[in-house]
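**Student:** Let me give you the structure first, and then I'll get to my questions.
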Amino acid sequence: MIIEVKDEHILKSLGYKDIYEGKIKVLYRAYGIKQNFCSFFMQDKSLLISRLDRDYIIKIFDDDYDAEELAAFLNASNAKGLFLPSELLKQLAPYVHALELRYCGIMEYRGGHKPDIIDGSPDLTDIFNILKNDFYIEYSSWLTDVSHRVRHGISKVFLYRSASTVTALYDADGQVFLTQVATKSELRGQGLASGMLKEVAGRYTNDGKITSLVCRNALIPFYEKTGFVKTGEAALAFL
């Protein structure tokens, strides 16, 4: 049975053991359990589910989950986006209608640090203008969420040479998760994204932190050339 989490001790006990748990922990740290646009659910002791508006993240604790019940819950909730382990998406596939599926590589940085100058406090409107062509984001909701997380010291946004951007969604317990990597379309192919990542990911790694990101399978070769190694597979679904 899927029930809403009302006991904050469950969420406070979360760590950053994997990217799903880390992303859910970030939502809890940012918004708690009292906001109507953000909530958390458990399916017995098998799954933890977070909701931010209509976007859902799912963490597997064990394999005793009920995929059919989960699909019914997501359909009834009018879910729009899912981020989840690839093996769970394969179990859900017969029960949900996805407009788009993306299987993604979980990549860990193993390269060196190439020091460079980077802006760690950029204008977020400039960041949005870089991201908007590559990500399904709406300005006001994106700005509200990102600025809130940045103000509370949960996330950090970087701008490289006024052309490329990456966000450290979290930096906690020796784990860093990078997201929203993008370069202005007219400046791609000049090594800007790789230079940025060698500075940002390299600096975190030099500090002894495990630095990861998720990318589409088609981009795995680029990230491998930049110094990342594939360590797993995740999935995105747009319903």
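Read the figures in this text as sums done on the coordinates, not as results from a lab. This structure is a prediction, so every number in the text was calculated from the model and none was measured. Counting neighbours? That spans all protein chains shown, and the Cβs are built from the backbone with ideal geometry, glycine included.
**Student:** If you place +1 on the Cβ of every Lys and Arg and -1 on the Cβ of every Asp and Glu, how big does the dipole about the Cα centre of segment 107-238 come out, in debye to the nearest 20? If you can, show how the numbers build up before the last one.
**Tutor:** Numbers: 15 positive and 15 negative charges, 54 e Å.
Computed about the Cα centre, the dipole is about 260 debye.
**Student:** With a cut-off of 8 Å between alpha carbons and a minimum separation of six or more residues, what is the relative contact order of the chain in percent?
**Tutor:** Values: 427 pairs, mean separation 58.5, N = 239.
Computed over the chain, the figure is 24 percent.
**Student:** So for segment 107-238, Kirkwood radius off the Cα pairs, Stokes-Einstein at 4 °C and 1.567 mPa s: how many µm² s⁻¹?
**Tutor:** Numbers: Rh = 15.1 Å.
For the chosen part, D equals 86 µm²/s.
**Student:** Given the DSSP H assignment, sum -39500 (n - 2.57) over each helix run of at least 4 residues in the chain and divide by its residue total; what's the result at 222 nm in deg cm²/dmol, nearest 500? List each step's numbers first, then the result.
**Tutor:** Details: 8 runs with 78 residues, N = 239.
After summing the helix terms and dividing by the residues of the chain, the value is -9500 deg cm²/dmol.
**Student:** Strictly greater than 15 Å: what percent of every Cα pair in segment 2-80 meets that? Before the final figure, lay out each step's value.
**Tutor:** On the way: 1597 of 3081 pairs.
Summing the P(r) of segment 2-80 above 15 Å gives 52 percent of all pairs.
**Student:** May I ask for the percentage of alpha-carbon pairs in the chain that lie more than 28 Å from each other?
**Tutor:** Values: 8779 of 28441 pairs.
In whole percent, the long-distance tail amounts to 31.
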